[in-house]
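S.K.: One structure coming up, written as structure tokens, with questions to follow.
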Amino acid sequence: MAQNNDNNANVLHPHITPMATYFKVALALFGLTFLTVFAHQFHHQMGSWAAPVAFLIALIKASLVILWFMHLKDDTKMNRFIFAIGFVFLALLFGICAIDFATRVPEFSPL
């Protein structure tokens, strides 16, 4: 006799996402990748906007991967919080490194 584990929180349930959704997300990722290549072709014309455009496209692609392929949109709020804390510490690391580079005094060797 099979045991019904629907009410047991310790049992892992598969995420029921239609295969069509995965194909749509993959198609969007391919499209954004081609958009990245296309934007690179015009990086001289965009000037100082080239880097923010590239980072925006990368942010959208990372969000798609995190939400659908890593199933974070179906996960608990605690797991989302823990995942976000990782990005907070990454931003903190980048910020400290940027402050370090900005405050360095150039040293010249007498040799």
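S.K.: Given the criterion at pLDDT 95 or above, among the aliphatic types (A, V, I, L, M) and not in a loop (DSSP other than H, G, I, E, B), identify the matching residue among Leu64, Leu59. It would help to see each step written out before you state the result.
M.R.: Details: Leu59 fails: at pLDDT 95 or above.
Going through Leu64, Leu59 in turn, the sole match is Leu64.
S.K.: Can I ask one more? Those residues that are surrounded by 13 or more Cβ atoms within 10 Å (Cβ to Cβ) and under 12 Å from the mean Cα position of the chain (by Cα), I need them from the stretch 71-111; list them, please.
M.R.: The answer is Leu72, Phe83.
S.K.: For the stretch 18-32, which positions are surrounded by fewer than 13 Cβ atoms within 10 Å (Cβ to Cβ) and either assigned to a helix (DSSP H, G or I) or touching a residue at least 60 places away in the same chain (Cβ under 8 Å) (or both)? Please lay out each step first, then the result.
M.R.: The initial filter retains those residues of the stretch 18-32 that are surrounded by fewer than 13 Cβ atoms within 10 Å (Cβ to Cβ), namely 18-23, 27, 30-31.
Those that are surrounded by fewer than 13 Cβ atoms within 10 Å (Cβ to Cβ) and either assigned to a helix (DSSP H, G or I) or touching a residue at least 60 places away in the same chain (Cβ under 8 Å) (or both): Met19, Ala20, Thr21, Tyr22, Phe23, Leu27, Phe30, Gly31.
The values are calculated or read from the model by the stated rules, or taken from the named source; none is laboratory data. The structure displayed is predicted, hence computed values, not measured ones. Cβ: placed from backbone, ideal geometry, glycine included. Neighbour counts: every protein chain shown.
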